[in-house]
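Below is one structure; the comments refer to it alone.
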Protein chains: 2
Amino acid sequence: MAPRKAPTVYDVASSAGVSIATVSRVLRSPAKVSESTRDRVQRAIDALGYVPNASARGLAGRRTGVLGLLLPGPADPLAAHADHAAGSEVGVIDDTDGSYADPDRNRYFEQLVRGCEISAWSAGYALLIASGQHLARTVVLHDLEGRVDGLVVFAGSVPDDLIARSARRLPLAVVAGRAEGAPDSVRVDDSGGMEALTRHVLAAKPPGPVLYLAGPADSADARDREQGFHAAIADARAAGRDVERHLVPTDGTAEAALAETRRILRETRPAAVIAADDPSALAALAALEEAGISVPDQCVVAGFGGVEEARLSRPTLTTVRQPMTDVGIHAVRTLQRRLADADADPVDLRLPVDLLLRQSCGPA
Amino acid sequence: MAPRKAPTVYDVASSAGVSIATVSRVLRSPAKVSESTRDRVQRAIDALGYVPNASARGLAGRRTGVLGLLLPGPADPLAAHADHAAGSEVGVIDDTDGSYADPDRNRYFEQLVRGCEISAWSAGYALLIASGQHLARTVVLHDLEGRVDGLVVFAGSVPDDLIARSARRLPLAVVAGRAEGAPDSVRVDDSGGMEALTRHVLAAKPPGPVLYLAGPADSADARDREQGFHAAIADARAAGRDVERHLVPTDGTAEAALAETRRILRETRPAAVIAADDPSALAALAALEEAGISVPDQCVVAGFGGVEEARLSRPTLTTVRQPMTDVGIHAVRTLQRRLADADADPVDLRLPVDLLLRQSCGPA
DNA sequence: CTGAAAGCGCTAACAT
DNA sequence: ATGTTAGCGCTTTCAG
């Protein structure tokens, strides 16, 4: 069953006794064709099983109808999800018992892909995905450029100068970060999320110092979160509260977090541990358990990210959920916007996050 | 900064003082061009930032260089993963403590996407993904047909007759199931996996009957798994062992599994519960705990699927991990195969699964 | 080794 | 309302 040659507009046209222009019209602007011929053409299309050739369309119409998504090395998500209004309020979901059944939590990339996919198809675009790792990143980006009308690029998946070069050629939105030279970006509100989280922790913790596991200093996310942390602390102090804090830079790995927490526990007895990421928070949880310090009674703990383990740990971990599906949705919208108006103002969206209250910070 | 018109082969040609044919040659078959002109052309390409237009290429070369992946309503995965040889041995991984740190476990679709993506790009194809839900499925499939050289379709994401129609036009591989009319398919070895799992359970369980939560009868996967279960039981009996079994059909939901298990526990005291899916197994675990039956001492439990929760439950759940990344990889390979030879023999790959031994079935 | 030229299938003026 | 026609940018014989 060798795939036979696909029928073209010419086949449809002659079969329906019209010109190819008319065939094209019934496909693109049916209103311009009389109902009778429209029906005749449509019948021919169905009979022949005609499917328009996207390459020819793309060439003639100088648009591909495809948007690209470039991710770093691994993953991508795509699960059922309600849109998240692009306001600035921090949503609060009580998930003390870890039963908050958002089916696609944590699946960071999967959610992002899903969001882009939903948004792209509903805008009439197909979605091409690629991760800049298998092949030289530059090759992939380059290849993508010739295939799409716009590009969503995950921050850091490819060097900034390459992003800048591509951004000069086509609409490009950076997600989960920024890139010099790319006008548009969509990310979550890291600092606002951490500030809200810290505020919550400060309200829940017993008396004593706050330990902050900061993550790598070369990560923009980590820096933003830390800034939110400091803001909340400053606020509390301004309100007359005396808060002692210990800043602990780590490389962002759970191992480092574990080692650092253990070390600290030998010197101090923290009343709260806040980590810039969930794995580190979970590591801290483990270190505290080792030390016989009970969570949340003697020390509260909180993370950032919303990974699945945070929901299933014991105690379950209070954390911040990142609306990646929305990031994807908005990134594509940004693309459409710029596709419609190349000179639109640059946008740097910061989507609000959700605080997930769980056992590690005590009763909600 | 309005995106300016992209340079074409003509621009490169005139800039390098050659014909467009030569430009095309340095891109497609560099060997046919003398080194000096090749360098000259390459310099022009770099200087102009020329990127070939995929639509024009697709039209002229009558191949798009794109493969499509059609998924059902939701999700898609994509995580780091080692290739899985397509043999027929059931891999066994001891994961009693739930620390088996495969980063992409459970992420069913994500892994599939990832596999397709890896495989497609390494074969020189881009990957277009779509899920047949937002828009009418038929529209998506149709649209996809005009854009790609081959299609991977998740079983059930679109009606079989549509799949058959598309399969007549282009190489199409069905994954995670079969579809009438599509010659090629790639899925996991459900029956072999369940057979191995059951064998393991039979060896580990205390004396007493085996409960099998079968899942929905209209699911081909569920039927295959049940067949594997029966095969293992028959084997044990043939070996002279006396095994009592209780078959319990469910609708595949955890709720049904919970209710059924509770009901059964009022009448019988099983020594083992095997479920055709992880959520059901976890539900059974809960029902057993309620009834004060200790797992694995008094009753062992096993699931199928390898979801994340199975790793994090207490006790951790023995289950079968499905190599979805490999399914994706092989699906794309199948496509390539048929792209190369439209009359190749049909293939129905059954990829081997891994048994994850955990606490719910006692010490490994 | 290189150039000329004929499409690939479709869209979008421009005619009629 | 419908037909004619000129490309869109690239690949690929076919000559030279």
Listed residue (B:GLN322, B:LEU335, B:CYS361) projecting farthest to the positive dipole end of the range B:319-364, Cβ model: B:CYS361
For the range B:249-263 versus the range A:144-172, the gap between their alpha-carbon centres in whole angstrom: 49
Fraction of beta bridges assigned by DSSP in the range B:234-357 that are antiparallel (%, nearest 5): 40
Rounded tilt (10° steps) of B:278-290 against the dominant C-alpha axis of chain B: 30
Relative contact order for chain B, counting Cα pairs under 8 Å that sit 6 or more residues apart, in percent: 21
In Hz, Karplus ³J(HN,Hα) per residue of the range B:244-249 (6.51, -1.76, 1.60; θ = phi - 60°; x = Gly, Pro): 8, 10, 10, 8, 10, x
Solvent exposure of chain A as accessible area per residue, Å², 1.4 Å probe: 40
Long-range HN-HN contacts of A:ALA126 with modeled amide H, under 5 Å: A:VAL66, A:LEU67
Extension reserve of the B:SER19-B:GLU255 stretch, reckoned as 0.36 nm per residue once the Cα distance is removed: 78.0 nm
The range B:260-283 residues near the modelled B:ALA217 label - backbone nitrogen below 18 Å, point 7 Å along Cα→Cβ: B:260, B:276
Exercise: per-residue mean of other protein chain Cβ atoms within 10 Å, B:58-67: 4
Among A:PRO206, A:LEU69, A:SER34 the positive-end extreme of the charge dipole of chain A (Cβ point charges): A:SER34
Average beta carbon contacts from partner chains per residue of A:305-311, 10 Å cutoff: 2
Spin-label zone in the range A:146-165 - amide nitrogen under 14 Å from a point set 7 Å from the Cα of A:ALA344 along the C-beta vector: A:150-152
Cα-centre dipole for chain A with unit charges at Cβ (Lys and Arg positive, Asp and Glu negative), debye to 20: 1560
The range B:1-56 and the range A:213-228: distance between their alpha carbon centers, rounded to Å: 44
Residue-averaged [θ]222 nm for chain B, counting only DSSP H segments that reach four residues, each worth -39500 (n - 2.57): -13000 deg cm²/dmol
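Have a look at the DSSP beta bridges in the protein assembly as shown and tell me what percent are antiparallel, nearest 5.
Values: 9 of 87 bridges.
Percent antiparallel among DSSP bridges in the protein assembly as shown is about 10.
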Exam field: B:GLY156 pseudo-label spacings to other copies (7 Å along Cα-Cβ), nanometres: 3.7
Rounded Å value of the spacing that divides the Cα centres of the range B:269-299 and the range A:297-364: 35
Helix axis angle, A:254-267 relative to chain A longest principal axis, alpha carbon, degrees: 20
Amide H within-cut-off set for B:GLY150, under 5 Å, with H built and near neighbours excluded: B:GLY68
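How many percent of the accessible area of the range A:9-52 is carbon or sulfur, using a 1.4 Å probe? All intermediate terms of the calculation are to be shown ahead of the outcome.
Values: 1260 of 2540 Å².
Carbon plus sulfur share of accessible area: 50 percent.
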Amide H within-cut-off set for B:VAL175, under 5 Å, with H built and near neighbours excluded: B:VAL153, B:PHE154, B:ALA155, B:VAL186
Residues B:ASP297 and A:GLN298, FRET efficiency given R0 of 41 Å [Cβ-Cβ distance, rounded to 0.05]: 0.80
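Mind grabbing the interface size between B and A? I mean buried accessible area, both sides, 1.4 Å probe, in Å² to the nearest hundred. Mind showing how you got there, number by number?
Numbers: alone 17080 and 17140 Å², together 29140 Å².
The buried area between B and A, both sides summed, comes to about 5100 Å².
Just tell me how shielded B:120-126 is by partners: mean number of partner chain Cβ atoms within 10 Å of each residue's Cβ, no decimals. Walk me through the intermediate numbers first.
Numbers: counts 3, 10, 2, 0, 2, 0, 10.
The per-residue average across the peptide is 4.
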Additional length obtainable on full extension of the chain from A:ALA286 to A:ALA231, 0.36 nm per residue less Cα span: 17.0 nm
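Taking a 1.4 Å probe, which of B:GLU267, A:GLU145, A:GLU309, A:GLU290 shows the most accessible area, and what order do the others take after it? Write down the numbers at each step before the final one.
Details: B:GLU267 130, A:GLU145 15, A:GLU309 50, A:GLU290 110 Å².
Final ranking, largest accessible area leading: B:GLU267, A:GLU290, A:GLU309, A:GLU145.
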Calculated from backbone phi, Karplus (6.51, -1.76, 1.60) coupling profile of the range B:163-177 in Hz, x at Gly/Pro: 4, 4, 4, 5, 4, 6, 9, 8, x, 9, 10, 8, 10, 6, x
Nearest 10 degrees, 0 to 90: helix B:108-122 Cα axis against chain B principal axis: 30
Calculated from backbone phi, Karplus (6.51, -1.76, 1.60) coupling profile of the range A:12-19 in Hz, x at Gly/Pro: 4, 4, 5, 5, 9, x, 9, 8
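Which shape class, rounded, prolate or oblate, goes with the protein assembly as shown when its Cα gyration tensor gives a ≥ b ≥ c as root eigenvalues, a/c under 1.5 marks rounded, and past that a/b bigger than b/c marks prolate? Please list the in-between numbers first.
Numbers: a/c = 2.11, a/b = 1.25, b/c = 1.69.
It is oblate, given that a/c is not under 1.5 and a/b is not larger than b/c.
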Per-residue SASA entry for B:HIS230, accessible area with 1.4 Å probe, Å² rounded to 10: 60
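The values are calculated or read from the model by the stated rules, or taken from the named source; none is laboratory data. Because the structure is a prediction, the values reported are computed rather than measured. So basically every Cβ, Gly included, is an ideal-geometry build from the backbone, and we count neighbours across all protein chains shown. Note: areas computed on protein heavy atoms with side chains; ligands, DNA, RNA excluded. Shrake-Rupley method; radii C 1.70, N 1.55, O 1.52, S 1.80 Å.
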